[in-house]
Each structure stands twice: as C-alpha cells, then as structure tokens.
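The values are calculated or read from the model by the stated rules, or taken from the named source; none is laboratory data. Source: prediction; values computed, not measured. Because the Cβ atoms are built from the backbone with ideal geometry, glycine has one as well, and the counts that use them run over all protein chains shown.
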Protein chains: 2
Amino acid sequence: MNGAESLIRTAAAAGVEVCFANPGTTEMPLVAALDAADGMRAVLGLFEGVCTGAADGYARMSGKPALTLLHLGPGFANGIANLHNARRARSPVVNLIGDHATWHAAADAPLASDIHSLARPVSGWIRSVQSAKTAARDTAEAIAAAGAFPGQIATLIVPSDCQWDPADAPARPAPLAGLAKVGDAAVKQAAEALGAGPGAGLLLGAAALSERGLSVVARIAAKTQCRLICETFPARVERGAGMPALERLPYFPEQAIEALTPLQTIVLAGARSPVAFFGYPKMPSSLVPEGRKVVALAEHGNDALAALEALAEAIGAPRAVSLPAKATRPGRPSGKLNAATVGAALAAFIPENAIVMDEAATTGLPFFAASSNAPRHSYLALTGGAIGQGLPCATGAAVACPDRRVIAFQADGSGMYTQQAFWTQAREQLNVTTLLCNNHSYRILQVELARAGVTEPGRKAKSLTELSNPDIDWTRLARSMGIPGVRVEEAESLCKELERALATPGPSIIELML
Amino acid sequence: MNGAESLIRTAAAAGVEVCFANPGTTEMPLVAALDAADGMRAVLGLFEGVCTGAADGYARMSGKPALTLLHLGPGFANGIANLHNARRARSPVVNLIGDHATWHAAADAPLASDIHSLARPVSGWIRSVQSAKTAARDTAEAIAAAGAFPGQIATLIVPSDCQWDPADAPARPAPLAGLAKVGDAAVKQAAEALGAGPGAGLLLGAAALSERGLSVVARIAAKTQCRLICETFPARVERGAGMPALERLPYFPEQAIEALTPLQTIVLAGARSPVAFFGYPKMPSSLVPEGRKVVALAEHGNDALAALEALAEAIGAPRAVSLPAKATRPGRPSGKLNAATVGAALAAFIPENAIVMDEAATTGLPFFAASSNAPRHSYLALTGGAIGQGLPCATGAAVACPDRRVIAFQADGSGMYTQQAFWTQAREQLNVTTLLCNNHSYRILQVELARAGVTEPGRKAKSLTELSNPDIDWTRLARSMGIPGVRVEEAESLCKELERALATPGPSIIELML
C-alpha cells in the first residue's frame, strides 16, 4: 500500500463517501487509489470552483465532509472563492492538494507556489504531509478537524512522493472536538430579554435553522411572542409547512436597521451580531440600532441547539406547538416575468422536500416570502458573497440527496462564473432544475451605482454592468454541456415548463427572459 | 476629485491604456472614475480569470501593464491562476482590488478575507491604500513596480472609502528601477564556453527571444555553431522567416536530458537553469546532464539583450547574418485530424504577423517544428502550467494588437476553465480565431497515469481523465456567447475553414474533432 492508498482508505473508513475532483499530474497516485478503495465516489468537475462549491453543497445537505482533490496552488486557487462561501457557511470540507515531490520543491518548477499562503484565508486547519508513512494519520486528523463543531475547511497538502512512497495501514478515525456548552448565565440573560415579548427578537443562524432548532424556536415564540428573524444569508434553513415562519433580515443596511428598530433586545442564536454586507458613506458597520441590547445566547462555536432547548425550559415554553402542517401555495402567476412572478411561480410549483439553492440575486428576493408556507423544503443561500456558488452548490446538494429535487435558482452574472457545473450535472444525471434568471445585467451593481450617486452612468460604467452585446444564450450554453432546456418569456409558460421539468428525472434548465 | 478619480487619472497619465475589469460594489467609485478619465479603455470579463489572463496577454504583446479591476479577496482569488502564469512570464500587471471601507474592516463582513495572504504568492509588490490622499501616489508606485525589469505583478488594495473620499491631484509617473547590468566575467565565461562549437548550447528565454535578441543570437550562432535552444514554455518568442530556427527543450525530463546530453556547456540567456516540470520517481529535478557546466550569461533580473550584444562583440561575431526571409510552409495536410495534421494545417495557413497562443497541450506539439520557417509570427506559451490561460491570454493579445490576427490554439480540458473569454472576444469583436482541439479527454493525464505505472486505469481513474459522457459541443458553447463557428472532422475541411476564418474579421471558432 502506498501513501495515496492509505490516505483514501482512511477517508473511506472515516465515512467520507465522495471526492469532488479535478486532478493533475501531481495527484495521479491519489487518482489510482480511488479505484483501489471501495465506497469512495469520484465526481469530476471541469473547473475547481465546481468541486469546492459542490463540496459545500454536499456538506450543507449531508452534514459531513466530502473530499476535494485539487492540483497544486493554481488549481486550489480556482477553488478559493467557493471555499470562502463554505467557510462562511461553516461547512466541513477536506481539501486534498497535490504538490511537487518534497525533493523537487527547491527546483521552483513552473507550477510551484506558496500553497499555505493561498490556503490560510479559507482554512481553519492546514497541514503538509511530510512522509507517506504519516499520510493516513494526517488524513484522519484533517477529517476530524473539518468535522469539529461548527464545521470548517481542512486543507491537506500531499506532495507526490508522499503519495507514491510505501505506507503502512490506513489510520482509524480521529476523535471530533466536542461542542462548547452554553453557560447558564447566557440562557438566563436570553430568558430575561424575551420578557419583552415582540420587543425582543431571536436572530437565527446555523443549527437554530435546522428542523430540530426551529421546532424549539417555535415553542419559544409561542410562549414569548418574540420575533423570529433569519440571518440574511443562511447556510441552510428548513422552511415551509410545519416550520415557523421567519422574517429575513434585509440586505441593505438602512432597511435592516429599520427592521430591527422596534426591538429592545436582539438575542443571537447561531447567528453573529448583524453587520452591513458593505460599508456605505455615512452608514454604520453594525446593523444593531443605537441603544439596543444584544444578548449572545449561542454564537459561532457554541451549541445553539442545546442552548435553545435550555432556554425553552427556562421560560417554561410549551412542550410542543402545532404549526399548520398543510402547505399553502400562491396561485399560478401570469403576465410578464419579473422578480414577483418568478418567485410566485417557484412557490406555486416547488415540490415537497425540494432543496432551493438561491443565487438569484435581485430576482430572488420575493421568493422567500412567497414560499413561507409552501411545502417543506431546504433553502440554501450565498453565505460569503463570492458569486458563482449556486450551480456548484446545487450540484453537491444533489449528490448528497439523490431522492430530492434540487432547484438552482440562479442569476445570470453569477451563473457565468461556474457554469461548468452543468457538465457535472449531466454526467452524474443529477436531479437539478436550473431556473436561470437572464436579465442581461449585473442588476445589483446598477442598483449600487445609483446608491453611490451615479444615477446616469457613463458609457464605460454602463458597459461594465451590462451582460448584453452580446446577450448570452443560456439554453444553448447548457445544451453544449448536455443539459436540455427551454427559454420562457412570460409567467404562464414558466409555470408550464416548471411543472414539466420538476416532474422529469435528471437535470434541465429553464431560461427566464426578464 | 475623489481618490478613485485621482487613481485612474494617475494610471492614464503613466500610459496605462486598458483596464480588464470585473468589479463589484466595493469598486463602484473606480467604475465611475473610468468614465471621468479619458484614454482608459474598460474591458469587461465575465470571470476574473479572464481579466488576469487578458492582462498577461496584453503585457506580453505590448510590453506594458494593463490594470485589472477585481472585487475583494474572492474576486481576486478567481484571478490567481492566470496571475501565476503572468508571474512566470514576467509580465507587468497592476491589480486593483477593491476592499471594504477601512472603518468596516473590523466588522468581518461576509466578503472580508485576508487579501494580502492571497496576493503574496503571485505578487512582487503589494500595498493597501491607507487614505484617498495617497491613492494617486500608491498607484504611480504600483505601475513603476510592475514595469521594473523584468516585469512583475503589482497588487494595490483600495478600500472603498479611499475611493470615495476627497483627494488632491493625480500623481506623476514614478521612475522605473534600472536593469541589472551583466558583468564582464559572465560575458567572458560565456565566450569561452561557446568555443566548444556545437558542444555548447544557448538556452534562451525572456528578452533573448525578442526580435532584437534573436538577431544577436543568430550572429553568435553564425560565429560559433552553438545550438540554439528555446525554453520549453516561453512567454513570447518571435518565430518564422527571418528569425533563427530554435530547438525547443522537450517537456518530459528524460527527453530534455537526452537533448542536452551532447552538450558540454549550457549558457543561460534570459532562461533559468532547466528543471523538470514535475518530479517523477527516480528522475532528477535538474535537467542538466551530470558533469555538464552551466554558465549564467544573463539570468532573471539581468539585461539579457545587452549581455548578448556584449557576448557577440567579445567573440567577434559578424555584424549581421542573413537568414532566409522567404517563408516556407508545409503542404496542405489531408486525412484524419491528429496532432501532426493539425500542426501542419496551422503552419500552412498562418498569416504573416499572426500571434499564436498555444495552450493546445498534447495536440499542440508538432506545430512548433512545422512552423519554424512559416511567415513571421509571435508565439506565446503556457508559462506557469496553470491551465485556462489560452483563451484569456489570446483575448488580451488581441486588445494589444488590433491589427494582427490572434490564433488561440486551444485544448478542450484547459479551454473549459475560462471559456467565458469568448464573450469578451465577441463584445470587443476581437480578431481571435480559436482552434479548439476536442479530444474528449485530459489526454496529458492519461499519458501521466501510464507513466505512473497505471496502464489499465480503473473505472474511476478513467472517469477523471475523460471529458466524455457527455461530450462537450464547443461550437454550440461558443455560439451561446456570440462566437460563430464550425466543427471539422478531417484535415481537408480544417484547411478550408482555417483559410476562411483567418480572412474574416472578428472572432470565430473551429472545433477540431480529434
């Protein structure tokens, strides 16, 4: 057994089932080892951002890490943007990066670069394997590091001689770090804060947005009448019939501050104290209105579930609450395609148990409200703001959940970053339906230009925010990678095509001409 | 005038003419400033790797830096792979990266990350602007740093408040650092080494491969009969009629060592002492055969042109040599498409003064020999091994040289990384003819697997090296972004279509079914 085989067998023994890969010469022994080990699925992405985004989506839906297999510094660099999103989502991911043989490092060969410096900004754990003999143990520790609460990126750099040199046996799984318990004081403070009734708000993120978390949250709200607010870009939230309806913290700072102004106290449960997505002149960084108190029940690194349960106990919340279990959908929209009709159409047809990956940007906003009592579904957002997450993340979610329908609700500008994901969807015949919102622009940037005072942009500013001249033909683009699809111009045909696509196994695209 | 305008006006005054951009919210004042300043062309890329690769191609052909305009850490990260190639090509590039307002940094907003750590591996110079008042001077120094011999990447991080706050005037250009002169001892050593006649070889890179460099090299070879060897992946070499014919150092180490074995001495002129692209078991890092002497006439950082001229003087080379000025082309190939017929077809039809960007990988090899006495052309190679360079680099070369025909000689696997470049070619109506070599595989990896002893790859290893199931339809893909094209199945139709495409203004694609 060589180092590569000991590594892959260790990962398989630790329960890692998928490797999203775009390997090169320095990873050939690992590629060969994938065949030697049973139980590890290899999924090829034709660009590394597809692999890392897929690993994020897989982790969000399965709760466990996938491997990525990437080629030296430049190959890893192509995956950084979606690892940035995964880091913000607190997704466990284990990156394997092949590197030059240890004895070849000094040659500074063309592909050599400082991988540690590239990896540090997105990785909670980094190590270079020093010898084939330690590759197995290093892998076990990388997997344990990735899975440590609340989930992080672990990056293991594997020089090629540490892959091909002889090794001993695979390593046993390493123990995961335990959760940090929330202290009684925090629970007591939160309980007091919730005495304010609708003057208190629970700001929810991470595990508070899971099915178990939200069932406790619903009990707390039934007792206290507190407001339930979902962080703006949740990694994953369970929504629809049977789940409590949540407000969503608005994106623009002035709107977020307005939404929070009626509160006296904001209780954080799995969410950070809210900050503006961007700084604007004369606007604050913090979205907490002046004079309001913030109580951290469970921040990053704490066990939000246990904290919420302790809180429910402390306030004497009811053992259970019954929420409407029957879904209600908006009616079929008609007329022009716009954010409202698109959101209504998706809410009208979303199948039970669907997964919605929302990178629809400006077009996506109305869907959240329209679908709050739709059939049960999981909703995934763009956590880190690094665009190009949607199609890869949807791909990984579909790998994790082959029996569920995944809807990639996708803007055009961000979609262009990583459209190579279509090919992987086609090869793996994943149940992903892409709703591609083609508005021929980076619409958000046009909004931001106007916010910056540029209400009549000049020729160059216009050219940098428009995706026209030429228009992109998304149906053709997806077809070139094996994805069938149609283009729709109004809401009626969108409804018809949605109904058909959602009932058809395998991937497809509906291009919405906005 | 705000900081952004002072910055852009400073760059324009320093002679920077193009900005390859994919901006976001933190760059809006810079976007507006592009309109305020005359003489700065803004070219949108729909993925940052397109922008950075284009800046590299632009620099290789114009000899001067373009700006890139990128969005925070993740946007920059998407451009790293092609900056890695640009660094290895010693191309001057100035990256402008917008960042959160200085007072918003502490909020650790979703898009925040350690940009310095990401930038360091590819940048020779990095700075964060501290105030709008210094933005102009920082820009002048960044441009001077990029242009300092032999060219490097300068990265300027510009917080958004340093863009929108008031500034004074633009700054004057900063002085460039001078070239390091080559000492007399190095020239004398090289002159002695060349006494060995064909037992000596000049290994050429960088400025030694320019028109001026090669005309001196031809004089030296006429006097000494030394072998003229081009580094394996030159940033740019002038080739064809009127230029001396060069051997190319082979890619695989055993072949390179064999090629160098007849030499007693290797004289480096603009090239590094040769090393293996990858380390292989039981193969050395250095490609210099044992016992051979290496003489560094001019390494990285030295003035190879002046050194070659001093060398020509020292050995009493003739003032001029006449090389065949009339081009000779191979005949039109016929029959099956393969590396040999494709290389012959391109050499048979390459127009005078063309620019060939070769990322054709395994299919590209025979072209170099077939075209050695073709009409004069510039040849650009994949310098850093980070695939996805070809289409962006061709795009930038065409922006730099609107009167020349650019041929993107492109493999399919690497082409998929950054095919968004097609859109920019279509929008700017650039004279780029893409020859897309569709062999449905990462063929080089299949070769490398075999070299690693895996002659019968298993199911997973096969699946990770094949681009089939589904096949990619490149003609359709390019058409979706506004590029017309055709698919050819044999050499006769390739010749016909090449002849037609090369005579037609604007971009197009020919998909070669190998």
Residue that is farther than 23 Å from A:Thr232 by Cα and under 28 Å from the mean Cα position of the chain (by Cα), where the choices are A:Phe349, A:Phe367
A:Phe349
Note: among A:Gly458, A:Gly453, just one is at pLDDT 95 or above and not charged (D, E, K, R), namely A:Gly458
Scope region B:289-303; condition surrounded by fewer than 16 Cβ atoms within 10 Å (Cβ to Cβ) and either in contact with an Asp or Glu (Cβ under 8 Å, 6 or more places away or on another chain) or over 16 Å from B:Gln264 (Cβ atoms) (or both); matching residues:
B:Gly301
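To keep it simple, each residue is scored yes or no on (1) closer than 22 Å to B:Lys462 by Cβ; (2) crowded, with 24+ Cβ neighbours inside 10 Å; (3) of a type in the set (Asp, Glu); (4) at pLDDT below 95.
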| residue | (1), (2), (3), (4) |
| --- | --- |
| A:Ile8 | yes, yes, no, no |
| A:Ala37 | yes, no, no, yes |
| A:Met40 | yes, no, no, no |
| A:Thr52 | no, yes, no, no |
| A:Arg60 | no, yes, no, no |
| A:Lys64 | no, no, no, no |
| A:Pro74 | no, yes, no, no |
| A:His84 | no, yes, no, no |
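Is it the case, given these coordinates, that A:Gly279 is out of contact with any helix residue (DSSP H, G or I) (no Cβ under 8 Å at 6 or more places or on another chain), over 24 Å from A:Gly213 (Cα atoms) and not assigned by TED's automatic domain parsing to the domain that holds A:Cys393?
Values: out of contact with any helix residue (DSSP H, G or I) (no Cβ under 8 Å at 6 or more places or on another chain): no; over 24 Å from A:Gly213 (Cα atoms): yes; not assigned by TED's automatic domain parsing to the domain that holds A:Cys393: yes.
No, not satisfied.
To keep it simple, each residue is scored yes or no on (1) surrounded by fewer than 18 Cβ atoms within 10 Å (Cβ to Cβ); (2) over 22 Å from the mean Cα position of the chain (by Cα).
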site	(1), (2)
A:Gly178	yes, yes
A:Gly183	yes, yes
A:Pro198	yes, yes
A:Arg212	yes, no
A:Arg219	no, yes
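Do we have any residue at all in region A:433-445 that's within 11 Å of chain B (Cβ to nearest Cβ) and on the phi > 0 side of the Ramachandran plot? Talk me through it step by step, then tell me what you get.
As a first pass, look at region A:433-445 and keep what is within 11 Å of chain B (Cβ to nearest Cβ): A:442, A:444-445.
When the remaining residues are screened for being on the phi > 0 side of the Ramachandran plot, the result is none.
For region A:433-445, residues within 11 Å of chain B (Cβ to nearest Cβ) and on the phi > 0 side of the Ramachandran plot: absent.
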Determine, yes or no, whether A:Leu346 is closer than 18 Å to A:Asp412 by Cα, surrounded by fewer than 24 Cβ atoms within 10 Å (Cβ to Cβ) and of a type outside the set (S, T, N, Q).
no
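Output the helices (runs of 4 or more DSSP H) that fall wholly within region B:403-514 and possess 2 or more residues being touching a helix residue (DSSP H, G or I) at 6+ places or on another chain (Cβ under 9 Å) and closer than 19 Å to A:Gly45 by Cβ, or say none. Let's see the steps before the verdict.
Numbers: elements: B:412-417, B:421-427, B:443-451, B:459-465, B:474-480, B:491-502.
Once the helices (runs of 4 or more DSSP H) in region B:403-514 are filtered for at least 2 residues that are touching a helix residue (DSSP H, G or I) at 6+ places or on another chain (Cβ under 9 Å) and closer than 19 Å to A:Gly45 by Cβ, what remains is B:412-417, B:443-451, B:459-465, B:474-480.
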Hits in region B:498-512 - residues which are of a type outside the set (D, E, K, R) and on the phi < 0 side of the Ramachandran plot:
B:Leu498, B:Ala501, B:Leu502, B:Ala503, B:Thr504, B:Pro505, B:Pro507, B:Ser508, B:Ile509, B:Ile510, B:Leu512
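Of these, A:Ile472, A:Ile509, which one is under 19 Å from A:Leu346 (Cα atoms), surrounded by 15 or more Cβ atoms within 10 Å (Cβ to Cβ) and not assigned by TED's automatic domain parsing to the domain that holds A:Leu46? Walk me through it before giving the result.
Numbers: A:Ile472 fails: under 19 Å from A:Leu346 (Cα atoms).
None of the others qualify; the one that does is A:Ile509.
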Does at least one position in region A:129-144 carry a residue that is in contact (Cβ under 8 Å) with a residue 24 or more places away in the chain, within 13 Å of another protein chain (Cβ to nearest Cβ) and out of contact with any Phe, Trp or Tyr (no Cβ under 9 Å at 6 or more places or on another chain)?
no
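Give the residue, chosen from A:Pro274, A:Pro234, that is over 26 Å from B:Asp161 (Cβ atoms), buried (at least 17 other Cβ atoms within 10 Å of the Cβ) and within 14 Å of chain B (Cβ to nearest Cβ).
Values: A:Pro274 fails: over 26 Å from B:Asp161 (Cβ atoms).
Within the list A:Pro274, A:Pro234, the selection yields A:Pro234.
If we only count strands (runs of 3 or more DSSP E) wholly inside region A:200-247, which ones have 2 or more residues that are among the aromatic types (Phe, Trp, Tyr)?
Numbers: elements: A:200-204, A:227-230, A:237-239.
Passing ranges: none, list empty.
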A:Gln189: of a type outside the set (A, V, I, L, M, F, W, C) and within 19 Å of A:Glu309 (Cβ to Cβ), yes or no?
yes
If I filter region B:377-392 down to residues being among the hydrophobic types (A, V, I, L, M, F, W, C) and within 8 Å of the chain's Cα centre (by Cα), which single residue comes out as surrounded by the fewest Cβ atoms within 10 Å (Cβ to Cβ)?
B:Ala381
When residues of region A:379-397 are limited to those that are among the hydroxyl-bearing types (Ser, Thr, Tyr) and not in a loop (DSSP other than H, G, I, E, B), the one farthest from the other protein chains (Cβ to nearest Cβ):
A:Tyr379
Near pairs, Cβ below 7 angstrom, 6+ apart or cross-chain, from region B:87-116 (at the interface with another protein chain (Cβ under 7 Å from one of its Cβ atoms)) to any residue that is part of a loop (DSSP other than H, G, I, E, B) and among the charged types (D, E, K, R):
B:Asp114/A:Arg120
Region B:129-158, residues that are buried (at least 24 other Cβ atoms within 10 Å of the Cβ) and among the hydrophobic types (A, V, I, L, M, F, W, C):
B:Val129, B:Ala132, B:Ala135, B:Ala136, B:Ala142, B:Ile143, B:Ala145, B:Ala146, B:Ile153, B:Ala154, B:Leu156, B:Val158
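Take the residues in region A:289-303 that are at pLDDT 95 or above and closer than 21 Å to A:Leu209 by Cα; name whichever of them is nearest to the other protein chains (Cβ to nearest Cβ). If you could, list the steps in order and put the result at the bottom.
Quick first cut of region A:289-303, residues at pLDDT 95 or above only: A:289-297.
Right, trim to closer than 21 Å to A:Leu209 by Cα and you get A:294-297.
On the way: A:Val294: 14, A:Val295: 19, A:Ala296: 15, A:Leu297: 20 Å.
Restricting to residues being at pLDDT 95 or above and closer than 21 Å to A:Leu209 by Cα, the top hit is A:Val294.
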So B:Ala256 clears everything in (1) in contact (Cβ under 8 Å) with a residue 40 or more places away in the chain; (2) outside any loop (DSSP other than H, G, I, E, B); (3) crowded, with 21+ Cβ neighbours inside 10 Å except one condition, right? Which one?
(1)
